[in-house]
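The values are calculated or read from the model by the stated rules, or taken from the named source; none is laboratory data. Worth saying up front: this structure is predicted, and the values here are computed from it rather than measured. Don't worry about glycine lacking a Cβ; one is built from the backbone with ideal geometry, like all the others, and counts go over all protein chains shown. These area figures cover heavy atoms from the full protein model, side chains too; ligands, DNA and RNA do not enter into them. Shrake-Rupley method; radii C 1.70, N 1.55, O 1.52, S 1.80 Å.
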Amino acid sequence: MPPPKKRGSRNVGRGRLLWDFSHHLREQFIHFDTAQSQNERGAAVAGGVQVTQRGSDAQHSVICTIAIAHVAAETDAAIRARSARLAQIYSNISSLVDTSTQVSPQLVAIEDHATFNRTIMKTASQSNIWVAHHDDEATLWPAFFLPKHAILVLLYDQHPSQNWAKAELWNHISHLRIVWVSVAEAETELADLLQRTMTDDNKRTTDGSKPATWQSMDGNNGISVPSTNDDTAIQPISHLVADAHCIGENWNWDSRNYRSCHMRNLCLDTSKTPAEFVTFVPQTQTTAGGPRATDAVMAASEVNVMIGHSVRLAEGGPWSPTVRTLPLTDLQQDGNAIVLSPDIVMIPIYTQQPNINNPGHLMWDYLLAIYNLVTMFHLDDRSNSSQILLVNTDPTCVETANNTCHSMVTKFLALLGVAPEQFINAHDDSIQRAMARWTHGNAQGRAWPSIVCSQRAMAGIGMLTDHGFKKHGQLIEDYRIVHNVGRASTIWEFRRFALQRMSIPSTATTAAAAVTKSADRVGHTTVITFSILSSNNSDRRRDFAKHIECLQRHVDESTMKDHKRVHLQTVEMHKLPLREQLESIQQSHIFITVMGGSASIATFLNRDCSLVIFFADASDVVKGKDHMPTMMDYDLWNNAAHLRVHWLPLQHSEEASELDMFVALIDLELQRFVGV
């Protein structure tokens with residue numbers, strides 16, 4: 001029996017883009033007056049908006065807004081009934097809230113014509129919780145003006161899995177916590193949510209700046225570590241209750257592929273072999289019936305995610321931590337744990353082989369995916385101080401002589417600002433060696449707990465790769481859905497992020513601006529780079545000797561003075577350290593290569609540079625359509641808007657007519673630099 005059809009999603013991995021859109025709206029349409037007291041908001045009618053608030057919110061820290069459609073004589077009966085029910089929810093919640101608590105419920109009635117009304121925008125921007133019915137678009141759009149980390153409660157009559165088209169956008173928003181609640185259970189769930197929200201606000205201490213008790217480790221990786229003299233680095237496990245903010249839910253069999261989670265207090269039990277990922281939750285949150293609808297508890301069923309196994313193949317399964325309940329029994333663990341600095345973000349991964357041994361798979365299936373993960377949840381808001389700690393669950397990718405996987409991964413991890421010491425394996429002694437560094441060798445002979453907890457952690461890269469559940473272009477199905485449409489800015493920002501982490505200047509924003517930059521370094525205006533012998537595939541392993549000869553002759557014979565300043569160079573990228581590869585790319589304006597993993601380095605070309613990719617039209621054909629050549633990684637390259645991408649066939653590329661066409665193409669690209 002075939003598996004159910006995949007739902008798919010156009011918004012997977014777009015959490016950061018949705019936040020940028022929301023932030024842009026807030027900047028464009030809302031003008032904050034910091035001198036205005038929030039007390040002035042009261043009950044008022046302004047431009048189709050009626051706000052009714054219970055009491056003054058000056059003394060309150062949590063504003064819970066319930067939005068309803070304004071009811072008029074001509075209002076549809078179903079909308080009337082829905083608004084009446086939400087008004088009843090507001091009344092019931094208000095009666096449950098003591099005026100002395102730090103919760104202020106308010107009711108907002110919005111007319112259809114009040115779209116983009118500034119009063120609504122400002123009301124939303126000052127709300128911590130926004131409650132609306134997910135079928136009522138008039139009350140949903142203000143959610144884009146909610147502040148970061150606010151809670152959006154979406155009420156439903158029929159489970160949203162039955163109306164996926166409306167639900168999938170909200171389930172990929174990462175700057176808000178989305179909670180789905182049945183209308184019938186709204187009062188109970190909202191009361192519980194408000195109670196836990198206030199508890200979290202009172203207990204939250206990990207979101208601030210780095211405490212003074214943390215010090216930086218000696219070495220190059222910059223990880224902040226506990227001092228052996230610092231008792232605050234050791235905390236009771238009972239203080240390390242876990243929760244998770246997960247996005248990407250689709251209520252389907254393949255939801256594990258789409259789900260990504262930002263977790264609090266993910267721990268490693270280093271007394272186990274391999275070290276075990278664990279979380280700790282109170283007994284009351286792990287009842288037989290499962291967590292409540294509004295629970296953010298780390299239940300295994302909620303953080304079932306892919307951490308490196310291919311989502312396209314049968315092998316490998318999802319990952320989730322082991323949930324341990326509090327209080328712990330004597331047979332489990334002692335009551336303390338080492339707590340890492342809040343600047344450290346722990347990410348579990350699985351280095352699936354042999355894929356990860358290919359630089360293209362490593363770049364786009366892992367590094368790009370991890371970048372997408374951390375930026376969706378705004379790690380880069382604290383970019384220069386945050387450090388990624390990767391914990392590998394693959395027992396074969398370990399630090400031993402001639403281990404291809406480990407050497408390949410550690411070579412490229414610098415693109416994420418991750419030093420080799422920050423890539424540890426749950427199956428070997430790298431964790432123990434890391435702990436020795438973190439505790440400075442435990443010089444005083446102090447007994448350190450075997451539980452190591454990260455206050456911030458993330459997991460779930462399954463659909464954050466460059467291709468999602470597709471392959472890279474080997475199958476005919478790969479050409480029926482485009483995964484990267486609209487993701488050009490993400491590809492560009494990944495490039496910028498990686499160069500910044502490598503401390504490589506990237507001041508040139510366009511190829512034209514880069515001309516002067518490269519001229520200072522190599523003495524020529526325009527640099528054309530041929531990546532030679534870059535593939536292990538014999539049909540794609542080319543030295544481009546004839547192409548170089550013809551192009552050099554054309555440049556030498558040209559009467560255009562600008563052609564006299566063109567420099568051709570060849571590079572064997574695999575022989576160069578990563579930094580030298582990037583520097584070579586940075587000074588290139590036209591980059592010529594064959595398709596495949598080795599071409600991935602072209603991601604780091606400057607904006608408006610030209611990329612010429614030769615595809616093997618004779619030997620690499622699409623499965624399911626034998627006459628169609630494989631355009632490897634077309635999905636990413638054809639959506640990378642910062643590059644001008646050209647595809648050329650290899651089979652007859654050394655024939656005279658094909659060489660003439662190649663020279664004509666390069667000459668056309670060179671004309672963009674004439675006169676610079």
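Points worth noting:
- Scanning region 398-418 for residues that are in a loop (DSSP other than H, G, I, E, B), farther than 16 Å from PRO348 by Cα and open to solvent by less than 40 Å² (accessible area, probe 1.4 Å) yields a total of 2.
- Any hit, region 246-253, residues being more than 20 Å from LEU340 (Cβ to Cβ), modelled with pLDDT of 90 or more, open to solvent by 30 Å² or more (accessible area, probe 1.4 Å) and part of a strand (DSSP E or B): yes
- Condition met for ALA44 (touching a strand residue (DSSP E or B) at 6+ places or on another chain (Cβ under 8 Å) and at pLDDT below 65): yes
- Cross-chain or 6+ apart pairs with Cβ under 7 Å, region 18-31 first and over 22 Å from ILE247 (Cα atoms), then at pLDDT below 75: PHE29/PHE116
- Any pair with Cβ under 9 angstrom, 6 or more apart, that starts in region 450-473 at a residue that is assigned to a strand (DSSP E or B) and ends at one that is β-branched (Val, Ile, Thr) and open to solvent by 10 Å² or more (accessible area, probe 1.4 Å): ILE451/THR270; VAL452/THR270; ARG456/THR206
- Residues considered: SER584, SER619. Of these, the only one that is more than 22 Å from ILE504 (Cα to Cα), modelled with pLDDT under 95 and not aliphatic (A, V, I, L, M) is SER619.
- Those residues of region 114-145 which are buried (at least 22 other Cβ atoms within 10 Å of the Cβ) and of a type in the set (Ser, Thr, Tyr), in sequence order: THR123, SER127, THR139
- Members of region 379-397 found to be modelled with pLDDT under 90 and open to solvent by 10 Å² or more (accessible area, probe 1.4 Å), listed by number: ASP380, ASP381, ARG382, SER383, ASN384, SER385, GLN387
- Strands (runs of 3 or more DSSP E) within region 105-195 that include 2 or more residues within 19 Å of VAL12 (Cα to Cα): 177-182
- Residue satisfying all of: in region 440-451; at negative phi and open to solvent by 10 Å² or more (accessible area, probe 1.4 Å); modelled with the lowest pLDDT among these: ALA443
- Selection within region 644-659: residues that are without any contact (Cβ under 8 Å) to a residue 40 or more places away in the chain and more than 18 Å from MET595 (Cβ to Cβ). The member of this set that is surrounded by the fewest Cβ atoms within 10 Å (Cβ to Cβ) is SER657.
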